[in-house]
Amino acid sequence: MPDERGTVRNGLLGDCAWPSKNQASCTFIVMVAFIAGSLYMVPGVGNVIPGDRKFLSGRHLSTAHSGTEPNGGACASCDADPQPASAKVLDGAWAPRSHIFDQFTIEEADDIKAYVTDTLRLTDPSTIPDGSPGPQPTQDILYRIEPMPPPKAAAVAYLDGHGPEPERFAHVITYRGTASPRDIMEYRVGPLPVSNTTTTIALRAPGEIPFVKHPVDSISGGWGQEAVGKGAFELKDIFLSMTGGYCYASWVEDVSDLPEPSNVTAFDARGIPVQRHPCDWTFLSWLEYPVLQKDMMKRVALIKWQFVPEGRGGEEAYLHPLPLSFKMDQTDPNPSLWRNFDFEYCHQGPFDTAAALLEAFSDGSITRCSAPAFGTPGYDYTWATTDPRRLRAGNVEPGPRQYSPRGLRFAISSTRHTGRRFRWFGWEGHVTLRGDTGIALHDVTYKGRRILYELSHQDMYVSYSGYGGDGQTFYLDSAFGIGQNTRALKRGYDCPWNSAYLGSELQYGTAGAARQEDVICMFEDDMASPTWRHTHVGDSRGPHADGARAVEFVVRTVATIGNYDYMFDVRFKRDASIEVKVTMAGYMSTLFFDPGGGTRRDTPFGTRVHTNVLANLHDHLSGWKVDLDVAGVNNTFLTQTVKAGTFAEALKDVDPGAEAPGWISEPVLKYISTRRPDKEVGLVMNASQPTVWQFVNEKETNAWGMPRGYVIQSGVTTAQLLPPQHPLTKAAAWTKYHLAVTRSKDNEYRSHASMYDFFNPADAIVNLDNYLDGESVTNTDLIGWVTIGVQHIPRAEDVPLISNFGANFYIKPWNYFDSMEAIDTDSDDTDEWESCLPDLEGAKTYKWSFN
Ligand SMILES: [Cu+2]
């Protein structure tokens, strides 16, 4: 995402990583840090969350809440907990049961936190001294609490009404800084709620996950600040040269010791101009990335720098890269011993120490990059901002609006839980937002039969290229928390006016849980085209056209992870298919570019997009888990490939040895080759061998004797281009396949463990390839692991912001029905059943509304 994201900092995060500390001062600091353009990447930054919605929403986002007024005349008698308006809706499928997939509420998380802090003797956050960057790398601390998925068999039995509600357990992750060697530990805690039968069971062996694999967090960001500051202060002459008068000295030395220029204007958190020393932290920010080093017991970070125009702290900084980077060894338990090395300046070096680089810089033995204009007085950076600059002629009247003339036609459950169940034209499903991986749907049924047990986002992978070390960056976004970086949607922009908005409660690593409003929207989308149509030209009744309007029901969230935005759509259609779509937006990550200098070697790796800015090549790969249950849990995986060959080849399965019939003169023709893979398999699309990937129930056929099935079908997508032995491919084996099919197992519930595998990725803790271990994919419970994505070759039009582009895949019925399913949506688009939105008065946990 960051493409661009990073992590950042300004070193302020540490104070806020433990939310129970001084909240007031913390909030102030976080706001400042936000303005300085860095912070959201860090998991565990509690205050990004609660508190000030205006802050969360960003400066241009409206935070107006329209309250609970009904939409456009929705029916008068709404029920706080709406009941199905039609007998078609199945008994037991409505809200109460799928809450077993909910995330924890704040209260539940607090109970578990108190329990494990006591049981595992974790450091109590309230004992962290004020002013400390946060927990120390030698303490035992709680990192994350998340629900453990219920065993599928038990969950299905409960959902289907013939089993008890599964007991609830938490998956708890701790850092054990007191262990020898230090490690990260996972526990299963439950049953919940906490009682005298609750136990804590370790899920990993001691040392199995080395401590150095922890993600970017308040430890690396908070304690790393001191080492970063030291490195930067030593290089102040180079910073002054690079930026036209700015350096980075805060927290290291008294800035009053620095020479002129003394004071410049910057903006504080409220946008008010203030006088600041040009060498305080306001004008520069740093980003932390893992280095792909080989020693799995070391932790080495790359520190990359950018300029913050006017200290204003918007994401404009991502378009102001500086040609300096260095590495930091964060292995030692004592952060004061963290060492900076491999300094690279304008692609010269690496120099082992800051002193060596400074000496070469001072004695003229290295070339200086042309000084960018970034820091010169009067520098105009509006090119990099999202402030409206001009309006196109004619852009004064309101544009088209999407509305629902008789009220919203979908229903949403009204519960006190953290997930919601929806119903729309035969579809039902339950949506939650997971802190680490983002949107997750469960128990998705169509006209009463389950199609999907689970459809969940797994991870976003981004890897960059560049000639310099600062170009070799990458992201596994779930390590930063895709759900926890999901922010309030802007009404009428992120979602149309006829949307309902839902909040959720999310876990924020060490920061605990917090509530975010308006993070999910649901709406009916008028596709402004027919879903089916035909003009009967020769009909004896006279020519006429029949058709139905395409209308889709959309569940959407947008995660903003640092500089990059990902919009996740799950789109339900009335032909019983689902489209999953990921679109990208936001700021690009960039590199300093000197057209006449040493950085010209970056040109094969990106595109020059401004005077001293090169946006570097990268990809975005999005992984999804698709647990299809087609007419039951046990399915068989089949492939149907279109091939060209001889009659003998085409007929070999049905009439071996058959020869070409005499009535055909051309011996080669196209045919369908149906195959049943005998074991778990990872597949890559091949345009010259188009294939449908089918999940069928061979024991149920449609009226025509075809096994009832659903397919997973990719839209336009790219693939993993790095070789299998590359550390990033090892860290994210799921990126190798457009579809991998594995047997469902409760202990193989996710495709990755990126919070561990962001650092030292070649030694992945969870590897999808390990699931592909030769088991049968016939008449058994199957999981499809889907990857879609894009290669992003940057272009000038991506500045200041990337305009949405993305990738998608479909989940489509394939002989599941006897005929086209959408035929029962008539041409007038008559309501099948109307429903009301629930009265919000009874929903204590949620505050949501519709326009
Ligand atoms: Cu991109």
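Is one or more of the residues making up the range 435-448 at pLDDT 90 or above, part of a strand (DSSP E or B), out of contact with any helix residue (DSSP H, G or I) (no Cβ under 6 Å at 6 or more places or on another chain) and over 30 Å from F817 (Cα atoms)?
Within the range 435-448, the first condition is being at pLDDT 90 or above, and the residues that meet it are 435-448.
Applying the additional criterion that residues be part of a strand (DSSP E or B) yields 438-446.
So of that shortlist, the ones also out of contact with any helix residue (DSSP H, G or I) (no Cβ under 6 Å at 6 or more places or on another chain) come out as 438-441, 444-446.
Pick out the ones that are also over 30 Å from F817 (Cα atoms) and you get 438.
Looking for residues that are at pLDDT 90 or above, part of a strand (DSSP E or B), out of contact with any helix residue (DSSP H, G or I) (no Cβ under 6 Å at 6 or more places or on another chain) and over 30 Å from F817 (Cα atoms), one finds at least one in the range 435-448, hence yes.
Mind checking whether some residue in the range 493-501 is of a type in the set (G, A, S), in contact (Cβ under 8 Å) with a residue 12 or more places away in the chain, assigned to a strand (DSSP E or B) and surrounded by 18 or more Cβ atoms within 10 Å (Cβ to Cβ)? Before the answer, list the steps.
Initially, the range 493-501 is screened for residues of a type in the set (G, A, S), giving 499-500.
Checking which are in contact (Cβ under 8 Å) with a residue 12 or more places away in the chain leaves us with 499-500.
This time we only want the ones that are assigned to a strand (DSSP E or B), so: 499-500.
Okay, now just the ones that are also surrounded by 18 or more Cβ atoms within 10 Å (Cβ to Cβ), so 499-500.
Yes, the conditions are met somewhere in the range 493-501.
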*Which of the residues that make up the range 730-745 are without any contact (Cβ under 8 Å) to a residue 60 or more places away in the chain and of a type in the set (G, A, S)?*
A733
*Determine if the range 538-550 includes at least one residue that is within 27 Å of G435 (Cβ to Cβ), surrounded by 20 or more Cβ atoms within 10 Å (Cβ to Cβ) and either free of Cβ contacts under 8 Å to residues at least 12 places away in the same chain or not charged (D, E, K, R) (or both).*
no
*Residue list for the range 363-384, filter: modelled with pLDDT of 85 or more, out of contact with any Cys (no Cβ under 9 Å at 6 or more places or on another chain) and surrounded by fewer than 17 Cβ atoms within 10 Å (Cβ to Cβ)*: D363, G364, S365, Y379, D380, T382, W383
*asked:* With the structure loaded, tell me whether A528 is without any contact (Cβ under 8 Å) to a residue 60 or more places away in the chain and over 18 Å from the mean Cα position of the chain (by Cα) or whether it fails that test.
replied: yes
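For the range 149-244, which helices (runs of 4 or more DSSP H) that fit wholly inside it have 2 or more residues that are farther than 29 Å from R121 by Cβ and β-branched (V, I, T)? Can you show your working first?
On the way: elements: 152-159, 224-234, 236-243.
Ranges flagged: 236-243.
Taking the criterion of being within 16 Å of the ligand (Cβ to nearest atom), within 21 Å of the chain's Cα centre (by Cα) and not in a loop (DSSP other than H, G, I, E, B), would at least one residue in the range 536-555 satisfy it? Steps first, answer last, please.
Here is the first cut: in the range 536-555, the ones within 16 Å of the ligand (Cβ to nearest atom) are none.
Checked against the condition, which is being within 16 Å of the ligand (Cβ to nearest atom), within 21 Å of the chain's Cα centre (by Cα) and not in a loop (DSSP other than H, G, I, E, B), the range 536-555 yields no hits at all.
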*Collect the residues in the range 766-789 that are of a type in the set (A, V, I, L, M) and part of a strand (DSSP E or B), keeping them in residue-number order.*
L782, I783, V786, I788
*Restricting attention to the range 605-616, which residues are more than 11 Å from the ligand (Cβ to nearest atom), assigned to a strand (DSSP E or B) and of a type in the set (S, T, N, Q)?*
T607
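To keep it simple, each residue is scored yes or no on (1) in contact with a Leu (Cβ under 8 Å, 6 or more places away or on another chain); (2) more than 22 Å from P149 (Cα to Cα).
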{"position": "I412", "(1), (2)": "yes, yes"}
{"position": "F425", "(1), (2)": "no, yes"}
{"position": "Y446", "(1), (2)": "no, yes"}
{"position": "G469", "(1), (2)": "yes, yes"}
{"position": "G483", "(1), (2)": "yes, no"}
{"position": "W497", "(1), (2)": "no, yes"}
*asked:* When you check R188 against the structure, is it under 18 Å from R434 (Cβ atoms) and either touching a residue at least 40 places away in the same chain (Cβ under 8 Å) or among the charged types (D, E, K, R) (or both), yes or no?
replied: yes
*Quick one: which strands (runs of 3 or more DSSP E) sit completely within the range 267-317 and have at least 2 residues that are farther than 25 Å from T473 by Cα and not assigned by TED's automatic domain parsing to the domain that holds S589?*
273-276
*Quick one: in the range 615-649, which of the residues that are β-branched (V, I, T) and closer than 22 Å to K812 by Cβ is surrounded by the fewest Cβ atoms within 10 Å (Cβ to Cβ)?*
V642
*Residue ID - nearest to the ligand (Cβ to nearest atom), chosen from residues in the range 804-824 that are assigned to a loop (DSSP other than H, G, I, E, B) and at pLDDT 95 or above*: Y816
*Identify the residue in the range 339-362 that is modelled with pLDDT under 95 and assigned to a loop (DSSP other than H, G, I, E, B) and, among all such residues, is surrounded by the fewest Cβ atoms within 10 Å (Cβ to Cβ).*
C346
*Is it the case that some residue within the range 557-573 is modelled with pLDDT of 90 or more, out of contact with any Pro (no Cβ under 7 Å at 6 or more places or on another chain) and assigned to a loop (DSSP other than H, G, I, E, B)?*
yes
_Meets criteria (farther than 28 Å from M706 by Cα, in contact with a strand residue (DSSP E or B) (Cβ under 9 Å, 6 or more places away or on another chain) and within 16 Å of the ligand (Cβ to nearest atom)) for G586_ = yes
*Assuming T639 fulfils every condition listed in (1) away from the ligand (no atom under 16 Å from the Cβ); (2) closer than 30 Å to R795 by Cβ apart from one, which condition is it?*
(2)
*Among what's in the range 778-803 and is within 21 Å of V711 (Cβ to Cβ) and buried (at least 22 other Cβ atoms within 10 Å of the Cβ), pick the residue that is nearest to the ligand (Cβ to nearest atom).*
G789
*State the number of residues belonging to the range 635-654 that are of a type outside the set (V, I, T) and in a strand (DSSP E or B).*
7
*Give me a count of the residues in the range 563-573 that are of a type outside the set (K, R) and more than 12 Å from the ligand (Cβ to nearest atom).*
5
*Residues (within 16 Å of the ligand (Cβ to nearest atom) and outside any strand (DSSP E or B)) located in the range 574-583*: none
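Pick out the one residue from D602, D594, D619 that is away from the ligand (no atom under 12 Å from the Cβ) and either among the small types (G, A, S) or over 23 Å from D380 (Cα atoms) (or both). Walk me through it before giving the result.
Details: D594 fails: either among the small types (G, A, S) or over 23 Å from D380 (Cα atoms) (or both); D619 fails: away from the ligand (no atom under 12 Å from the Cβ).
Only one candidate qualifies: D602.
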*With G662, G632, G657 as the choices, which residue is under 29 Å from L768 (Cα atoms) and assigned to a loop (DSSP other than H, G, I, E, B)?*
G632
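The values are calculated or read from the model by the stated rules, or taken from the named source; none is laboratory data. Because the structure is predicted, anything quoted here is derived from the model rather than measured. Please note: Cβ atoms are built from the backbone with ideal geometry, for glycine as well, and neighbour counts cover all protein chains shown.
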